[in-house]
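Data block below; observations after.
Throughout, read-outs are computed from the coordinates displayed, never taken from laboratory work. Owing to the predicted nature of the structure, the values given are computational and were not obtained by experimental measurement. Positions of Cβ are generated from backbone atoms using ideal geometry, with glycine treated the same way; all protein chains shown enter the neighbour counts.
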Amino acid sequence: MKLVRWKRFTWDLTNLAPLAHPLPDQYVVRPAARDEAKLVSHVVFTTLTLDSAWCDTLKLFRDRLAANIDQAFAREPAPAIVIMHGPRIIAASVISTEPDAETHLISGPCVLVEYGNRGLGTALLHHTLALLRSSGMESATAVTKDNVPACKFVYTKFGSTSIACDFLQPAAAT
């Protein structure tokens, strides 16, 4: 089994800085509707599957991630933030507002590969953190693989702190 190193990021939501560069008008950021669960899931899994930094690790926790996404859409008033380009969902971030959740960013910011490197991941992270803050949370956490682009360039924003952590989904232990 390949060794996977993980990092836990934490944000103080009481001091969330504004987004420095708003998205161009052709993109719309909004909460996902409950009936969009399959579309959001498709964006999340397509993004992770096509990312060479994630595709090998995804096998270890795909079922758990799918279950967590289903749970979020069943219980959260706003289960995800999405970015639209026209009628198409091109980015998504699924959340948990459970205070003791292992991670509040269930999927993290997932942007379809053809829309990468446009600041969408940063904007999606900011809107996700703002949604968590508006739900009454004072801090939020996320776990990601160390040395993936999101770990280096996205999660480090908005005053986050990070530490190395152990993160092993039950599916990987079998």
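In sequence order, segment 22-35 has phi-based couplings of x, 6, x, 4, 6, 10, 10, 9, 7, x, 6, 8, 4, 6 Hz under the Karplus curve 6.51 cos²θ - 1.76 cosθ + 1.60, θ = phi - 60°, and Gly or Pro positions carry x. Does segment 1-63 come out rounded, prolate or oblate by the C-alpha gyration tensor, with a ≥ b ≥ c the root eigenvalues, rounded set by a/c under 1.5 and, if not, prolate when a/b is larger than b/c and oblate if not? Taking the square roots of the gyration eigenvalues as a ≥ b ≥ c, segment 1-63 is oblate.
Applying 1/(1 + (r/R0)^6) with R0 = 25 Å to the Cβ-Cβ distance of Arg30 and Thr10 gives a FRET efficiency near 0.45. Measuring between their Cα centroids, segment 76-97 and segment 3-53 lie 7 Å from each other. What number, in percent, do you get for the relative contact order of segment 72-170 if the mean sequence gap of Cα pairs under 8 Å and at least 6 apart is divided by its residue count? Answer for segment 72-170 is 22 percent.
Of the peptides 63-75, 18-30, the ranking by mean beta-carbon count within 10 Å, highest at the top, reads 63-75, 18-30. Non-local lysine pairs in the chain, meaning eight or more places apart or on different chains, with alpha-carbon distances under 20 Å, amount to 9. What's log10 of I(q)/I(0) for segment 31-110 at q = 0.13, 0.14, 0.26 Å⁻¹, Debye sum over Cα points only, no solvent? For segment 31-110, the Cα-only Debye profile gives -0.36, -0.42, -1.32.
Within the chain, all pairs of alpha-carbon atoms sorted by distance into 5 Å bins from zero give the percentages 1, 9, 18, 23, 23, 17, 7, 2, 0, 0. In this simple spin-label model, placing a label point 7 Å from the Cα along the Cα-to-Cβ direction at both Thr156 and Trp54 gives a separation of 2.0 nm.
Its residue count N sets the reference 2.2 N^0.38 Å, and the alpha-carbon radius of gyration of segment 76-174 equals 1.09 times that reference.
What's the exposure ranking of Met84, Met137, going from fewest to most Cβ atoms within 10 Å?
On the way: Met84 14, Met137 20.
Final ranking by Cβ density, sparse to dense: Met84, Met137.
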